[in-house]
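All remarks here apply to the structure that follows.
No value in this document is a laboratory result; all are computed from the given coordinates. Please read these numbers as outputs of a predicted model, since none were measured by experiment. All Cβ positions, even for glycine, are placed from backbone atoms using ideal geometry, and neighbour counts span all protein chains on display.
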Amino acid sequence: MDALNHLLAGFGEALTWQNLLFALFGTVLGTLVGVLPGVGPTSGIAILLPLTAFLPPTPAIIMLAAIYYGAMYGGSTTAILVNIPGEVASVVTTLDGYQMARQGRAGPALAIAAISSFVAGTLGLVGLTFFAPALADLALRVGPPEYFGLVVLAFSVVVSLSGASLLKGLAAGALGILVALVGLDPQSGVRRFSLGTAELLGGIDFIAVIVGLFAIAEVLLAVERRAAAVSLAPIGRLMPSWADIKRCTGAMLRSTGIGFALGMLPGCTPGAISFVAYDVERRVSPSRAQFGQGAIEGVAAPEGANNATTSAGFVPLLALGLPSTPALAVLLSGLQIYGLQPGPLLFEKQPAFVWAVIASMYIGNVMLLVLNLPLVGLWARLVHVPYAVMGPMILVFSVVGAFSVRNTLFDVGVAVAFGVIGYVMTRLGYPTAPMVLALILTPLGESALRQTLSMAGGSPVLLATRPLAALFIVIGVALTAWSLVARRKRPEAFESTG
Amino acid sequence: MMRSVFRPRVAPVAAVVAALVFQMMLLAPASAQEYPTRQIEIVVGFAPGGGADVAARLISGYASKKWGKPVTVVNQPGASGMTATRQVINARPDGHTLFLDVHAVSSMLFASQSDVPYRMEDKTPIALVTFDPVIYTVKADSPWKTLKEVAEAAKANPKSFRYGLGGVAAVAAFSVSQFLHAAGVPVPETNKVVFAGGAPALAALAGGHVDFAGQQWSEAAPLILGKKIRALAVVHPTRLPTFPDVPTAKEAGFPELNVVGWQGLSGPPKLPANVVAKWSALLEAASKDPEFLQQAEKVYKVIVHKGPEAFWQFQQEELKKYLPMATQIGIRK
């Protein structure tokens, strides 16, 4: 057990008071960054990057990594309490989490999010510890045709997220596709829908759209219904019951598997992965009828998937030097500043450093659980804060968040515009989740398809001849068909979702 | 080598404090303080973690250490770097807002795009700082051992020749096309696969989804060192320190290959001469500082100093070089 020995040595290094302190600092900051809508781990890490000029590499990277995985814990908080995903990956958590909060079950929702994050994050680390270099080689074998297959598979979720009206769900999905098409064509550089402006040429920023669709639209809706607070229901128990935890065990394990497997692929975005995990749970859960109305598994699954994805993202990063998210790209530049070039040689040349960072991630996950569970009581009370206070604060954070992504006012305008769009959509009964999913998947799918075509002189033959790609497509089509049949048989089960 | 890396650096903090105290004592009544008087921002038009960002952090680290004033990097990605460039061009020319100039917002952009929303003359050039040379690579277990063999194979069978590019009008678009044209390959018949950046293009090469790539040193180095991909030639007058066994393009039989990625420092129009001179002197000193050179090598950058006039001259020559190429490849818009 070579890896185990290395890991134990890593714990020796990670448990020094200095490294513990930086891990704690990183996890607290990460939680904070995750809680604030718009301010994501990318800016969190970038802001602290200059500290690397003063710190030795091990504590610095421990801290920066902790911000990254800590943000995944924090992202669920606002998603559950006020229907605002703190991170892209927490969009799905709003579906059932916010419903739970409105029913006075914010406590168990927040707690199960933390527990599921911990379980999946830690199991993901076990995968990272023992299989990183081998898995990284496998991940490289997944190319454009397979990515396109995965996108087809993930698109099948649009049908099950569509709520009462399939047509409205598909319309929302189509709108998402249109929004994603704005900007430069990724293969030929042709300008699309840019109206001659440089801002639109850069594409519509995803974070700004999410902030608008969720945060700003939710404030508009709350003001309209003269909400006194998010929930007037008494705060019941804070912790989930044993029955809740038992109900979620399967969801946590399945979402860990899905999150880790897909999270290793450098081309997959965490946002899409949590949608897939949620959909799987909805199909296999005995209480599937409750999904969308406050099913606790609906919180456990996406949160588990997020954190397994986060752990898995370190596989291609450390073993190949390939970042799968913008935040990991910043982390990569942090490593490069120290001359620690991630890649196949990192494990050989800098074992003490790599294993100290991996060991610190186990410790960091424990810290996050210990940190987040006591906070549940405090957060849960936020649902009773008068909306006259809550609403303006949400708007302030939204504007700051949208601005901070690219430091331009244009993105604030985008957020406001999508706030109005989100408001209108909700009022007319169009679900926003399929739009978000389409927005995430379209760039990935378009590039993957056109790369696949380019690889074979313009022929789609690779989608059929590469077994994995073909398998994904077949499963995607089958799942879509299954959803359509289920919809016809039991339309009432879809009445209130989305 | 590792000693300096692992040593905690408290010196800059002390330097900042010392400089502040010193200034307060000496210059309290003086009206004209010497530049820089406060924090300097270097704006990067791309996300953190890319080649431009790494170069900006090299420069900011060195300058803050030498001057004892904070020099920070501000990332402002959007519209392929044009948003940030425009913003800096409209900034106050007091030397406290500068930007990381790079081929992608300068010579290469003007070659591939006819309606850039600013002019190259709008920038005040300060200095060229780094080169990021192109390295031609194949998969680790590829049958092709030399650049000549790649050329033969592509000529013999262009329809099954697949290559990956890290962007439509990026360095690789020029470097790979230049090679294919030089080798006499019928380019329109080949399979061009465009990826979102250098890293995914090289991952596709390592995974065997494409057969050939021509990305930059900083992007390709980790995968070459890890033996996932193999370097065939580097476009540089000399061999690179990390790859003494990889021949130069000239040695490989293609002396005409000359595409290069670069990074430098520029500012808004009408930047005062003393600011330009001070930065240029600092960066010239950096180009001779062994510690700085070593740091640059760790992030796979070649340090090349060119002062304001030479840098401007260089950009003009680069533009002249790429303009006909962009038209030939068909990426000029």
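General observations
- The alpha carbon centroids of segment A:169-224 and segment B:151-187 are separated by 35 Å.
- Listed residue (A:Ser483, A:Gly304, A:Val400) projecting farthest to the positive dipole end of segment A:2-494, Cβ model: A:Ser483
- Note, ³J(HN,Hα) from phi for segment A:314-324, Karplus 6.51, -1.76, 1.60, rounded to Hz, x at Gly and Pro: 6, 5, x, 5, 6, 7, 10, x, 10, x, 9
- Taking one quarter of the surface of the C-alpha convex hull of segment A:347-390 gives a mean projected area of 4.5 nm².
- Debye log10 I(q)/I(0) at q = 0.12, 0.14, 0.21 Å⁻¹ for segment B:223-333, Cα point scatterers: -0.62, -0.82, -1.25
- Cα centroid separation, segment A:25-103 to segment A:433-457: 27 Å.
- Whole-Å semi-axes of segment A:394-453's equivalent ellipsoid (Cα gyration tensor): 26, 19, 8
- Calculated SAXS-style log₁₀ I(q)/I(0) at q = 0.14 Å⁻¹ - segment A:83-123, Debye, Cα scatterers: -0.31
- Our Cα-only numbers for segment A:1-114 put the radius of gyration and Dmax at 16.6, 50 Å.
- Look at the stretch A:45-54: the mean tally of other chain Cβ atoms within 10 Å of its residues' Cβ atoms is 4.
- The GluC sites (Glu not before Pro) found in segment B:208-285 that occupy coil by DSSP, while having at most 16 further C-beta atoms within 10 Å, are B:Glu251, B:Glu256.
- Here segment A:333-409 is treated as an ellipsoid with the same Cα gyration tensor; its semi-axes, largest first and in whole Å, are 39, 23, 6.
- Ratio Rg/Rh [Cα only; Rh per Kirkwood] for segment B:63-191: 1.10
- Listed residues A:Thr78, A:Gly429, A:Phe275: farthest to the positive end of the dipole of segment A:2-494 (Cβ charges): A:Gly429
- With Cα atoms, 0 to 90° folded angle of helix B:171-182 axis to chain B main axis: 40
- Since only B:Val134, A:Leu175, B:Val102 are under comparison, the one whose Cα sits farthest along the positive direction of the charge dipole of the protein assembly as shown, derived from C-beta charges on Lys, Arg, Asp and Glu, is A:Leu175.
- When only alpha carbons of segment A:348-473 are considered, Rg and Dmax amount to 23.0, 61 Å.
- The long axis of helix B:51-67 is offset from the longest Cα principal axis of chain B by roughly 20 degrees.
- Check: chain A dipole with +1 on Lys, Arg Cβ and -1 on Asp, Glu Cβ, in debye: 1100
- Rounded to the nearest 20, the Cβ-based charge dipole of segment B:133-234 about its Cα centre (Lys and Arg +1, Asp and Glu -1) stands at 140 debye.
- Of the trypsin sites (Lys or Arg not before Pro) found in segment B:93-143, the ones in coil according to DSSP and having at most 15 other Cβ atoms within 10 Å of their Cβ are B:Arg119.
- Highest to lowest packing among A:305-318, B:162-175, scored as the average C-beta count within 10 Å: A:305-318, B:162-175
- Highest to lowest packing among A:224-234, A:285-295, scored as the average C-beta count within 10 Å: A:285-295, A:224-234
- About its Cα centre, the protein assembly as shown has a charge dipole of approximately 720 debye under the convention of +1 per Lys or Arg Cβ and -1 per Asp or Glu Cβ, with nothing else charged.
- Dividing the convex hull volume of the alpha-carbon atoms in segment A:257-324 by its residue count gives 63 Å³ per residue.
- Geometric extent, Cα atoms of chain A - Rg, Dmax (angstrom): 21.6, 64
- Radius of gyration over Kirkwood radius for chain B, both on Cα atoms: the Rg/Rh ratio is 1.01.
- Kirkwood estimate for segment B:133-234, i.e. one over the average of 1/r between Cα atoms, Å: 13.0
- Using alpha-carbon coordinates, inclination of helix B:11-27 to the longest axis of chain B, degrees: 40
- Our coupling estimate for segment A:423-439, obtained by passing each phi through the Karplus curve with A = 6.51, B = -1.76, C = 1.60 and θ = phi - 60°, is 4, 4, 4, 5, 4, 8, x, 8, x, 8, 4, x, 5, 4, 4, 5, 5 Hz, Gly and Pro reported as x.
- Backbone amide hydrogens, once placed in the peptide plane, bring B:Val74 within less than 5 Å of B:Ile42, B:Val43, B:Val44, excluding anything fewer than 5 places away on its chain.
- Take each residue in B:289-299, count the other chain C-beta atoms within 10 Å of its C-beta, and the mean is 2.
- Sorted into 20 angstrom bins from 0, the C-alpha pair distances of the protein assembly as shown split as 16, 49, 31, 4, 0 percent.
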